Structures are given as C-alpha cells and as structure tokens.
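Below is one structure, written out as structure tokens; the observations come after it.
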Amino acid sequence: MGICCTSDWRQIQKQKKQLRKQVEINSLAGGQDVMGSAMAKGEASPDHLVVMVNGIIGSASEWKFTAQQFVKLLPDKVIVRCSTCNPTNLTFDGVDLMGERLADEVLAVVNHWPGLQKISFVAHSLGGLVVRYAIGILYERLERLKEENSSHQLEKHAEYHKDSIAGLEPMNFITVATPHLGSRGHRQLPCLCGLPFLERKFRQTAHLIAGRSGDHLFLTDIDEDRPPLLVQMASDSYELKFISALRSFKRRAAYANARCDQLVGRSTSSIRRPCELPKGDHLGADEKYPHIVYIEPETLGDTSCRGSSNVKRQMTDFEEEMIKGLNQAPWERIHVNFHKSTQRWIAHSTIAVRCYWLNSDGADVIFHMIDNFNL
C-alpha cells in the first residue's frame, strides 16, 4: 500500500512539472495572465481573452486549476486573466463598484495585448453579477464606434457583429453557481432551510455581514425612484445596456448545483422558476462528466407554469421581473449534482474547483466547460 501511494505521489508531481512547462503566469498591473509557453516566449500572439472572476471573499488564486486547464487544453488559443481587482474584503463593496473596477481591469488588459480579437468571461457566485454589471459598461455598439474612432481603428471591428465588449467580439458568458435572482426569495439561500422567519431576519441584517453587496443580493437597496440594482440589471437603461450586452455573446451558460449548495439555490443560479426546474436527480450522468446530471439546451425559458397560484406564492415580483428580463437572451443551463461525493457539503466551491485538494471532484465540470467553449 505504501508503494502504491508513493507511486501515485510521484505521478502527480510528474504531471505538475509537465504542466508548468506548458503554462506560464505573467503579472500585469498586479494581476495574473495565464498563457501557453509559446505565447510567453513571443512565439504566438493571444487572440482570445478569457476573464475569470471570483465571488464573495474570493481571490484570483481560486482560478489556478481552471486557468491552467484552459491553457493546457486550448494551447496558444486563449490567454486567461484571473481578475485581481475585487479580492476578499473588497467583495463587500457592492456589485456596481466591483463591476466598475472589473471594467477598468479588462480595459487595461485589452490595451496591453493589442492582438486580441475575442473575449469571454467565466465567473463564480457573486462574480457572475459583477461581470453582468461590467459588460454593461464595456458594451459598445458599432454605430457609436463609427462616431468615436477613425476608419483605421474600425477595421478590426468591421468583421464582427454590431456589438462588442471592450472592442472585442463577445464569445462565451459562463456563470457558475451565481445568484442571478439574488438571495432574497424562498429557498434562494439554502442554508436557512426555507424557514420564512430566518429568511426575513437574514434579509434585514445582510448589510451587516456583506456590506453593500449584501444589500444588492437581498434586494434591500431600494431608492424612492429606482428598483434594486439587480432588478435594474435585468433590462437596458439609458446609461447601461445590461441585456443588450448579455445578448451580444454567442453563448450564455449557467452552471447550477442541483443539490447540496448551501449558499446559492438552484432556481436563482439557473434563472428558473421553481416549477421549471428538472424533476428528480435523474437524469443520467455522463461517464465523462459524472457530476453533470442534466443539460438544458439554449432556450429563452419555459413560461408554461408562470400563471399558477403556487408559482405566485413562491416568486416575488422582483424575481419574476428579473426572470423575464434575463430570459430575453437564450441560456444553456447545466445542472450539477455532488450528492454522492464526499465534497458535497462544499458543493458551492467544488463546482468551481476553488481549491483542487478540497474540490477536486468538480474537475469534470471544468472539463465540460472547456469542451463546450466557443473559440
């Protein structure tokens, strides 16, 4: 048994050494750009920027495994930016302020790599909301570019669709266990066990725990003339075109934990009404991706149960408005289940493999993400 363990350990170390040869990490403005060795040596130029964004109390380091796998499996095709502008305590500052910082960081990276043509985002938990705000800032229409740029600068945009994000072609918008509808609704924060008095009490004190981000998540940031920020982000405004920016991506995918996620409910992470969620845990797992139990192809959303009285009891007006708004863009929904895994009680982290030795069972989710990535 000792010989077997030693052999396994040596194999792991060998794989790590090989991976280090394939992947290099460069620092830019305090951030982390992960790329293939050919790019780092100047033998290849990055074409596709993939920005990875952490959730609450997170950091760039939690994307180490995912970023390395992207670069390893898509060599010389992508450069991965592990965002560093919203670490740990700064994640309490609110979705809007975090989104502004992320937009600034993305623009800095784009300016540093002039050969970039495409952009994608991968975000975990609260990070998905931050990205949705940031792309509203970064969204550009070709008509506006024509007014603001010279014809020479427009050549790089001419082949693209009429919309761009930070001047690049939007490709993949991927969220992992993101509370798109906030955490206010019934069972949207599963650790409260669906008990109304606990949900009500937590809503009242969320700002004490998570600052402005808590207000945004629980939809308590209501001004006299404006709805909560997350509700605003479910439609285009005069200043920021949130939905137009979202629709500009070629693919939108929402990965959601079907069970065991104590922080983000299945309904809010899959942008579904409770009655629209796939029934049971069935659903046969693929041998290649054992923890992915159900995949809904891109759809604008099923509205067949919208009018039932049971749904009205379960959904708030704000949630219904957000579902309608976000479903103006088609989504692919991927349901994940770790109920047989020893890591099931940390499913919220496992689905994104935040720390490989703690969350390694989520690796198949990352591989599914890469295998279905639009280049």
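The values are calculated or read from the model by the stated rules, or taken from the named source; none is laboratory data. Since this is a predicted model, take the numbers as computed values, not measurements. Note: ideal-geometry Cβ built from the backbone for every residue, glycine included; neighbour counts use all protein chains shown.
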Q. Are any residues in the stretch 330-365 out of contact with any helix residue (DSSP H, G or I) (no Cβ under 9 Å at 6 or more places or on another chain) and surrounded by 15 or more Cβ atoms within 10 Å (Cβ to Cβ), and if so, which ones?
A. Glu332, His348, Asp364
Q. Which residue, of Ala253, Ala285, is of a type in the set (A, V, I, L, M), modelled with pLDDT of 95 or more and either touching a helix residue (DSSP H, G or I) at 6+ places or on another chain (Cβ under 9 Å) or assigned to a loop (DSSP other than H, G, I, E, B) (or both)?
A. Ala253
Q | Per-region count, the stretch 209-238, residues in a helix (DSSP H, G or I) and either surrounded by fewer than 19 Cβ atoms within 10 Å (Cβ to Cβ) or touching a residue at least 60 places away in the same chain (Cβ under 8 Å) (or both) | A | 12
Q | Which numbered condition Tyr294 misses (of (1) among the hydroxyl-bearing types (Ser, Thr, Tyr); (2) surrounded by fewer than 23 Cβ atoms within 10 Å (Cβ to Cβ); (3) outside any strand (DSSP E or B)) | A | (3)
Q | Residue that is surrounded by the fewest Cβ atoms within 10 Å (Cβ to Cβ), among those in the stretch 162-201 that are at pLDDT below 65 and out of contact with any helix residue (DSSP H, G or I) (no Cβ under 8 Å at 6 or more places or on another chain) | A | Phe197
Q: Would you check which residues across the stretch 262-281 are in contact with a strand residue (DSSP E or B) (Cβ under 9 Å, 6 or more places away or on another chain), assigned to a loop (DSSP other than H, G, I, E, B) and of a type in the set (D, E, K, R) and list them?
A: Arg272, Asp281
Q. For the stretch 321-375, what are the residues that are in a loop (DSSP other than H, G, I, E, B) and hydrophobic (A, V, I, L, M, F, W, C)?
A. Ala329, Phe338, Ile351, Ala352, Val353, Cys355, Phe373, Leu375
Q: Of all residues in the stretch 244-261, count the ones that are closer than 18 Å to Ile271 by Cβ and crowded, with 19+ Cβ neighbours inside 10 Å.
A: 12
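Yes/no matrix, rows are residues, columns are (1) farther than 23 Å from Ile209 by Cα; (2) among the polar types (S, T, N, Q); (3) outside any helix (DSSP H, G or I); (4) touching a residue at least 24 places away in the same chain (Cβ under 8 Å):
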| site | (1), (2), (3), (4) |
| --- | --- |
| Pro75 | yes, no, yes, yes |
| Met98 | no, no, no, yes |
| Arg101 | no, no, no, no |
| Asp104 | yes, no, no, no |
| Leu107 | yes, no, no, yes |
Q: Looking only at the stretch 57-65, decide whether some residue is under 16 Å from the mean Cα position of the chain (by Cα), surrounded by fewer than 22 Cβ atoms within 10 Å (Cβ to Cβ) and polar (S, T, N, Q).
A: yes
**Q.** Yes/no for Leu219 being at pLDDT 90 or above, hydrophobic (A, V, I, L, M, F, W, C), more than 15 Å from Gly94 (Cβ to Cβ) and touching a Phe, Trp or Tyr at 6+ places or on another chain (Cβ under 9 Å)
**A.** no
Q. If you go through the stretch 36-45, how many residues are surrounded by 21 or more Cβ atoms within 10 Å (Cβ to Cβ) and either modelled with pLDDT of 95 or more or in contact with a helix residue (DSSP H, G or I) (Cβ under 6 Å, 6 or more places away or on another chain) (or both)?
A. 1
Q. What do you reckon, is Gly55 assigned to a loop (DSSP other than H, G, I, E, B) and under 25 Å from Leu230 (Cβ atoms)?
A. yes
Q | Count - residues of the stretch 99-131 that are farther than 13 Å from Val51 by Cβ and either buried (at least 24 other Cβ atoms within 10 Å of the Cβ) or among the charged types (D, E, K, R) (or both) | A | 4
Q) If the Cβ limit is 6 Å and pairs must be 6+ apart or interchain, which residue in the stretch 42-64 that is in contact (Cβ under 8 Å) with a residue 60 or more places away in the chain and under 14 Å from His348 (Cα atoms) pairs with which residue that is assigned to a loop (DSSP other than H, G, I, E, B) and among the small types (Gly, Ala, Ser)? A) Gly55/Ser125
Q. What's the number of the condition Asp364 fails, among (1) over 18 Å from Ala177 (Cβ atoms); (2) at pLDDT 85 or above?
A. (1)
Q) Is it the case that some residue within the stretch 82-96 is in contact with a Gly (Cβ under 8 Å, 6 or more places away or on another chain), more than 27 Å from Pro228 (Cα to Cα) and not hydroxyl-bearing (Ser, Thr, Tyr)? A) yes
